[in-house]
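A quick write-up on the structure given underneath.
The values are calculated or read from the model by the stated rules, or taken from the named source; none is laboratory data. Worth saying up front: this structure is predicted, and the values here are computed from it rather than measured. When we count neighbours, we look across all protein chains shown, and the Cβ atoms used for this are built from the backbone with ideal geometry, even at glycine. Ligands, DNA and RNA are stripped out before the accessible areas are found, and what is left, the full protein with its side chains, is counted by its heavy atoms. Shrake-Rupley method; radii C 1.70, N 1.55, O 1.52, S 1.80 Å.
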Amino acid sequence: YGLKSLGRGWISAAQLEAARKAMTQHTKRKAKIWIRVFPDKPVSKKAPGAPMGAGKGELDHWAVPVRPGRIIFELEGVDWEIAEEALRRAGHKLPVKVKIIKKKGK
């Protein structure tokens, strides 16, 4: 089973971790979970009152840009009902629209 992106955007490392924790807790650590994306893009941010100039700003967080069709998570080792609910909960933690997919033959 998997979670597929339908929209485009940036997913932060904190959002990925929140989704992973939601899946792990719902499956009671019985499922094998793969995170298919890695947040390797540094995102910087300047203070709100900072004047123009004076550089780019400090590192704020790490993110991964996703496009439609990208598989974000994969899951196996539990039945469909548990996997569907776990992936639904994970999808609520992400800033892009997602779709739960099932491999043919399962």
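For the range 20-35, the set of residues classified as within 13 Å of Gly77 (Cα to Cα) and β-branched (Val, Ile, Thr) consists of Thr24, Thr27, Ile33, listed by residue number.
The set of residues from the range 24-40 being among the hydrophobic types (A, V, I, L, M, F, W, C), within 26 Å of Asp60 (Cβ to Cβ) and open to solvent by less than 40 Å² (accessible area, probe 1.4 Å) comprises just one member, Val37. Of the residues examined, Lys93 is not one that is in contact with a Gly (Cβ under 9 Å, 6 or more places away or on another chain), open to solvent by 80 Å² or more (accessible area, probe 1.4 Å) and of a type in the set (Lys, Arg). The set of residues in the range 59-90 that are open to solvent by less than 100 Å² (accessible area, probe 1.4 Å) and part of a loop (DSSP other than H, G, I, E, B) comprises Pro68, Gly69, Gly77, Val78, Asp79. Whether a residue is open to solvent by less than 50 Å² (accessible area, probe 1.4 Å) and touching a residue at least 12 places away in the same chain (Cβ under 8 Å) was assessed, and Gly53 does not pass this test. Filter the range 5-19 down to residues that are touching a residue at least 60 places away in the same chain (Cβ under 8 Å) and open to solvent by 70 Å² or more (accessible area, probe 1.4 Å) and give me whichever is nearest to the chain's Cα centre (by Cα). Once the filter is applied, the top-ranked residue is Trp10. One residue stands out among those in the range 91-106 that are of a type in the set (Val, Ile, Thr) and not in a loop (DSSP other than H, G, I, E, B): the one that is farthest from Val43 (Cα to Cα), which is Ile101.
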